[in-house]
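Written below as structure tokens is the structure these notes are about.
The values are calculated or read from the model by the stated rules, or taken from the named source; none is laboratory data. All of these numbers come straight from a predicted model, not from anything done at the bench. FYI the Cβ positions are ideal-geometry reconstructions off the backbone, even for glycines, and counts take in every protein chain you see.
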Amino acid sequence: MCGIVGIVSHQPVNQSIYDSLTVLQHRGQDAAGIVTIDDENRFRLRKANGLVSDVFQQVHMLRLQGNTGIGHVRYPTAGSSSVSEAQPFYVNSPYGLTLVHNGNLTNSKELKEVLFKRARRHVNTNSDSEALLNILAYHFDQIDKDSLTPEDIFTAIKATHKEIRGAYACIAMIIQHGMVAFRDPHGIRPLVLGKREDSGKTEYMFASESVALDTAGFEFVRDVEPGEAIYITFDGKLYAQQCAENPQLTPCIFEFVYFARPDSCIDGVSVYAARVHMGERLGQKIAKEWQDLDIDVVIPIPETSNDIALRIAHVLNKPYRQGFVKNRYVGRTFIMPGQAQRTSAVRRKLNTISAEFKGKNVLLVDDSIVRGTTSEQIVEMARAAGAKKIYFASAAPEIRYPNVYGIDMPTKHELIAYNREVDEIAKLIGVDRLIFQDLEALTLSVQEENPTIKDFDCSVFTGLYVTGDVTQDYLDNIANLRNDSAKKKRAKDATNLEIHNE
Ligand SMILES: O=P(O)(O)OC[C@H]1O[C@H](OP(=O)(O)OP(=O)(O)O)[C@H](O)[C@@H]1O
Ligand SMILES: NC(=O)CC[C@H](N)C(=O)O
Ligand SMILES: [Mg+2]
């Protein structure tokens, strides 16, 4: 679940892109990168492993000259965490192209073979995004003109849609032409368009989430439609066209549960409001099914579940207390790259206020239970703080299937709910009672904000993949490639591919 941003402006963009990436940091903590185009039509790049504030020092900001640029924060779902797979990616031909990608392609292996056979194009890393850029470059090449019209751009995107599979929200820049943003035909990953008027001129911005537009001072215009491409020339003209044959919006439901920031609005849905609805529905389920329970207090597991837990407390008419304090210097644990790192981070991240637990029956609330890394430790901490009984509510249903569209959950075996019923999961995490939201209640919570969304990608709950082409062979393959030890080895190998850009 990476974060992407692109700005076409009339003034330097380095600081605005940097600021936008800092508010998209929750979508990727492993690497960050920015490319700008300077006034001699050269790309200027800085990318490295780490948080935005670590990656860009003053020397890099000075390097990132120009009035147009794109940026990326990475949460790897293909290849490894190595800097060689950090984004933006670049190819010099045709024109000079650079791209950022949020999502995950499910046919990148085939694409790499096709690229070599058909175009003698070599993809140097295991990144699906590098393959994607090369496919796009190949289709631009086929147009075979010195200068591309908007129609030519859309022709290349149409051909790209036909070849690539999976989830992709992308922003690309073409030297001496413009910036193009496009979204997969299912709109699995979010992408929004914003604009700003400055001295009589219009500037445009694309971003994964609307919160980035707010920060950079751009006004929200609309979401990029599934399958659509929006092309903005460097002199500020906007062209848009539907480029997919059968577009149908089925966004990833997990964006609303966990990934997106509550102050973002994506696909017409206020993420905050959707989470409040989740709390409302889960609260009602608890009130109905747990009439016998004597809950003293409702406590969220910070941070994403805070708004959900507050609503549950309201529905149950119980006090809401912040029993856990979050260390503001530890990031999100779920998107950390290895299990050992995730486990150790939970303890550093959260600590109890014992008085809120001592002698009480507590209802702990989280947005989701995925591997159980958080819940197992949190429950231990609540017991150590003196809780009498511990009840646990999850605003998402049981997660039992891998994700292939940009969430790094490659194997069902790592999921605590896989092959287990609620009582068994309750035992494993050590709670007295456990309750999960129903899937229908979850989807309704989001649809309440935008009833025109008819369906979602709910594959982590159902095992049904909206693109309809995910085979067992593919799932077996990613399970082999992306387990913890395989990832470690690949990261080590890929480090040798690092390009020098200090
Ligand atoms: O069952 P698990 O595998 O632990 O995954 C689920 C947990 O991870 C996430 O929190 P995270 O710490 O990533 O971020 P947050 O601070 O936004 O809640 C999520 O909010 C759950 O708390
Ligand atoms: N989570 C994402 O969007 C990841 C993008 C891309 N698949 C990568 O691994 O770099
Ligand atoms: Mg959490």
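Among what's in the range 196-219 and is charged (D, E, K, R) and over 30 Å from R165 (Cα atoms), pick the residue that is surrounded by the fewest Cβ atoms within 10 Å (Cβ to Cβ). So, considering only residues that are charged (D, E, K, R) and over 30 Å from R165 (Cα atoms), the one surrounded by the fewest Cβ atoms within 10 Å (Cβ to Cβ) is E197. Scanning the range 82-96 for residues that are surrounded by fewer than 22 Cβ atoms within 10 Å (Cβ to Cβ) and touching a strand residue (DSSP E or B) at 6+ places or on another chain (Cβ under 7 Å) gives Y90, V91, Y95, G96. Answer yes if at least one residue in the range 98-115 is within 20 Å of Q25 (Cα to Cα), under 25 Å from the mean Cα position of the chain (by Cα), modelled with pLDDT of 95 or more and within 16 Å of ligand 1 (Cβ to nearest atom), and no otherwise. Scanning the range 98-115, I find no residue that is within 20 Å of Q25 (Cα to Cα), under 25 Å from the mean Cα position of the chain (by Cα), modelled with pLDDT of 95 or more and within 16 Å of ligand 1 (Cβ to nearest atom), so the answer is no.
Cβ-Cβ distances below 6 Å connect the following pairs, each with a first residue in the range 253-281 that is of a type outside the set (S, T, Y), a second residue that is modelled with pLDDT under 95 and within 15 Å of ligand 1 (Cβ to nearest atom), and a separation of six or more residues or different chains: F259/M1. Any residue that is of a type in the set (V, I, T) and in a helix (DSSP H, G or I) - is there at least one of those in the range 234-251? Checked against the condition, which is being of a type in the set (V, I, T) and in a helix (DSSP H, G or I), the range 234-251 yields no hits at all. Is at least one residue of the range 365-375 at positive phi and in contact with a Leu (Cβ under 9 Å, 6 or more places away or on another chain)? Yes, because at least one residue in the range 365-375 is at positive phi and in contact with a Leu (Cβ under 9 Å, 6 or more places away or on another chain). Given the conditions (1) surrounded by fewer than 23 Cβ atoms within 10 Å (Cβ to Cβ); (2) in contact with a helix residue (DSSP H, G or I) (Cβ under 8 Å, 6 or more places away or on another chain); (3) closer than 23 Å to H186 by Cβ; (4) not small (G, A, S), report the number of the one that K158 does not fulfil. All conditions pass for K158, except number (2). The number of residues in the range 108-129 being within 23 Å of T471 (Cα to Cα) and either in contact with a helix residue (DSSP H, G or I) (Cβ under 6 Å, 6 or more places away or on another chain) or buried (at least 20 other Cβ atoms within 10 Å of the Cβ) (or both) comes to 8. Assess whether P402 counts as being in contact with a Leu (Cβ under 7 Å, 6 or more places away or on another chain) and away from ligand 2 (no atom under 16 Å from the Cβ). Against the criterion (in contact with a Leu (Cβ under 7 Å, 6 or more places away or on another chain) and away from ligand 2 (no atom under 16 Å from the Cβ)), P402 does not qualify. In this entry, E225 passes the filter for residues that are away from ligand 2 (no atom under 16 Å from the Cβ) and buried (at least 18 other Cβ atoms within 10 Å of the Cβ). All of (1) surrounded by fewer than 21 Cβ atoms within 10 Å (Cβ to Cβ); (2) within 16 Å of ligand 3 (Cβ to nearest atom); (3) among the small types (G, A, S) hold for A340 with one exception: (2). Out of L434, L415, L442, L428, one residue alone is in the same structural domain as L363 (by the TED database), under 23 Å from the mean Cα position of the chain (by Cα) and within 21 Å of Q377 (Cα to Cα). It is L415. A Cβ distance below 8 Å, combined with a sequence gap of six or more or placement on separate chains, defines the contacts here; from the range 23-51, residues that are within 11 Å of P88 (Cα to Cα) and of a type in the set (S, T, Y) reach residues that are in a strand (DSSP E or B) and away from ligand 3 (no atom under 16 Å from the Cβ) in the pairs T36/F43; T36/R44; T36/T68; T36/G69. Among the residues of the range 256-304, those identified as closer than 30 Å to R74 by Cβ and in a loop (DSSP other than H, G, I, E, B) are A260, R261, P262, D263, S264, D267, G268, I301, P302, E303, T304.
The set of residues in the range 91-106 that are closer than 18 Å to A156 by Cβ and within 14 Å of ligand 2 (Cβ to nearest atom) comprises L99, V100, H101, L105.
Restricting the search to the range 380-402, which residues are surrounded by fewer than 23 Cβ atoms within 10 Å (Cβ to Cβ) and either closer than 19 Å to R332 by Cα or more than 21 Å from the chain's Cα centre (by Cα) (or both)? Residues satisfying the conditions are E380, M381, R383, A384, A385, G386, K388, K389, Y391. When the helices (runs of 4 or more DSSP H) confined to the range 125-221 are screened for residues that are modelled with pLDDT under 95, none reaches at least 3 such residues.
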